[in-house]
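Chemist: My questions all concern the structure below.
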């Protein structure tokens, strides 16, 4: 390698190159080329630059030539041309997207990447990439249920108002029943958790009957009043409400309920008339998610009931009671944050989407 011709840098170019080196996010290649030029401007020979930076002398020459031709901008990373033979025309991309959102072929319940690939003449891998880039997942589905209750808005304002602005000197209770809790006994003993191995259960089991759980969640504190029963009739519900009233003597009670037929029988209405300090507030139909006790039931299922081995209904009853005893020692209230107006707007948008889909 012959003598290195010194590079003359303007103060502006030097500052720009030094800024590249100082910037932590600069691409490594760009920073390395900037360093080559700065060392060259300081009179360092090409061979010495190559030794310091671990480059070949030829690489140093190419960087210097690139700078001489294009300046600082030319040292930045260049876009790689890449392959062109696999590029998918935009029209084909749009067709794949439209097909994926259209009804599947007769006899099929959904489009698959292979079906789409056969339809458009590309590989399933290419189709998969296009679907992913457009946020489409034909293999997934979710369930939904939109309330058609004509009094939806009024009931939402009523229930959410109790959550966000509860009446003074009153107790707000979220009440519901978790039905058909099964006492299941695995046919073989479970294998416990071990290092490197998950706990293991048999897939088959013996049935020992079911229990129903009534629960009243105190919205302000998270405390739960409960009762396990063998059935969930109107008489069972009324017996539970009498227990709730005894748990809160001389207190005004606002009880949030769903629209179960057991909650509005003549016997229940007669009892309500005799207990004016108890007021029922009903959630809209098909909107049990508005009832906070449903969140508690979800926690109960995950933390207590899932995969629990129960040799009898008595064992199941005791298991549930022990969990509720532990819960009430340190109850956790749920904090409702979504205002009624936002829920009503979301409901209206969903109704509009359904209407558009049907037409």
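The values are calculated or read from the model by the stated rules, or taken from the named source; none is laboratory data. Keep in mind the model is a prediction, meaning the values are calculated, not measured. A quick note on method: Cβ atoms are made from the backbone with ideal geometry, for glycine too, and the neighbour counts reach across all protein chains shown.
Chemist: For region 290-359, which fully contained helices (runs of 4 or more DSSP H) count at least 3 residues that are over 24 Å from residue 177 (Cβ atoms)?
Modeler: Values: elements: 293-300, 313-329, 340-358.
Those helices (runs of 4 or more DSSP H) span 340-358.
Matching residues to (1) over 23 Å from residue 341 (Cα atoms); (2) out of contact with any helix residue (DSSP H, G or I) (no Cβ under 7 Å at 6 or more places or on another chain); (3) at pLDDT below 95; (4) not in a strand (DSSP E or B):
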{"site": "148", "(1), (2), (3), (4)": "no, yes, yes, yes"}
{"site": "167", "(1), (2), (3), (4)": "no, yes, yes, yes"}
{"site": "172", "(1), (2), (3), (4)": "no, no, no, no"}
{"site": "180", "(1), (2), (3), (4)": "yes, yes, yes, no"}
{"site": "185", "(1), (2), (3), (4)": "yes, yes, yes, no"}
{"site": "189", "(1), (2), (3), (4)": "yes, yes, yes, yes"}
{"site": "203", "(1), (2), (3), (4)": "yes, yes, yes, yes"}
{"site": "208", "(1), (2), (3), (4)": "yes, no, yes, no"}
{"site": "215", "(1), (2), (3), (4)": "yes, no, no, no"}
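Chemist: Taking the stated definitions as given, is residue 162 buried (at least 16 other Cβ atoms within 10 Å of the Cβ) and without any contact (Cβ under 8 Å) to a residue 24 or more places away in the chain? Don't jump to the end; show me each part of the working.
Modeler: Values: buried (at least 16 other Cβ atoms within 10 Å of the Cβ): yes; without any contact (Cβ under 8 Å) to a residue 24 or more places away in the chain: no.
Here the answer is no, as residue 162 does not meet what is asked.
Chemist: Next question. Against the condition outside the structural domain of residue 185 (by TED's automatic domain parsing) and surrounded by 12 or more Cβ atoms within 10 Å (Cβ to Cβ), how does residue 350 come out, does it pass?
Modeler: yes
Chemist: If you don't mind, another one. Would you check which residues across region 11-28 are free of Cβ contacts under 8 Å to residues at least 24 places away in the same chain and in a loop (DSSP other than H, G, I, E, B) and list them?
Modeler: Listed by number, the residues that qualify are 23, 24, 25, 26.
Chemist: Got a number for residues in region 244-261 being crowded, with 16+ Cβ neighbours inside 10 Å and either in contact with a helix residue (DSSP H, G or I) (Cβ under 7 Å, 6 or more places away or on another chain) or part of a strand (DSSP E or B) (or both)?
Modeler: 6
Chemist: Quick check on residue 209: is it farther than 23 Å from residue 281 by Cα and surrounded by fewer than 19 Cβ atoms within 10 Å (Cβ to Cβ)? Spell out the reasoning first.
Modeler: On the way: farther than 23 Å from residue 281 by Cα: yes; surrounded by fewer than 19 Cβ atoms within 10 Å (Cβ to Cβ): yes.
So residue 209 fits the description; yes.
Chemist: Would a scan of region 306-320 turn up a residue that is within 19 Å of residue 215 (Cα to Cα) and loosely packed, with under 12 Cβ neighbours inside 10 Å?
Modeler: yes
Chemist: Please find, among 156, 175, the residue that is under 24 Å from the mean Cα position of the chain (by Cα) and under 28 Å from residue 224 (Cβ atoms).
Modeler: Details: 175 fails: under 24 Å from the mean Cα position of the chain (by Cα).
After ruling out the rest, the residue left standing is 156.
Chemist: For region 271-300, enumerate the residues that are without any contact (Cβ under 8 Å) to a residue 12 or more places away in the chain and more than 16 Å from residue 222 (Cβ to Cβ).
Modeler: Taking region 271-300 first, the residues without any contact (Cβ under 8 Å) to a residue 12 or more places away in the chain are 272-274, 276, 289, 298-299.
If the condition is that a residue be without any contact (Cβ under 8 Å) to a residue 12 or more places away in the chain and more than 16 Å from residue 222 (Cβ to Cβ), then 272, 273, 274, 276, 289 are the ones that fit.
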